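The values are calculated or read from the model by the stated rules, or taken from the named source; none is laboratory data. From a predicted model like this one, the values you see are computed outputs, not experimental measurements. All Cβ positions, glycine included, derive from the backbone under ideal geometry; neighbour counts span all protein chains shown. Protein only, heavy atoms only, side chains kept; ligands, DNA and RNA dropped before computing areas. Shrake-Rupley method; radii C 1.70, N 1.55, O 1.52, S 1.80 Å.
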Amino acid sequence: MILSLTTTAIAYSVTRGIAGPIAGAAILFLAYMKARLILARYLGLAEAPSWYRGFNLVIAIYMVLLLALYLAAGL
């Protein structure tokens, strides 16, 4: 719940003047943390560490790719 509220607060602050790339990176990081939480707790991958590490790696690579695309679009 805290991660979702923080995401909402950052999105709201963009309308108040926070730099877009910083806010975008923060929102992507929070999305990454929420995905890890869902995988670990709700899908039960905390009990299967090798699967959890694999999914975590794929999601991390995906988030870095999204961040690179987001930052490249701003150039």
Complete set of residues in the stretch 38-75 that are surrounded by fewer than 11 Cβ atoms within 10 Å (Cβ to Cβ) and in contact (Cβ under 8 Å) with a residue 12 or more places away in the chain: GLY74
Flag for ALA35 being open to solvent by less than 50 Å² (accessible area, probe 1.4 Å) and in contact (Cβ under 8 Å) with a residue 24 or more places away in the chain: yes
Of all residues in the stretch 13-32 being of a type outside the set (Val, Ile, Thr) and over 17 Å from the mean Cα position of the chain (by Cα), the one that is surrounded by the most Cβ atoms within 10 Å (Cβ to Cβ): SER13
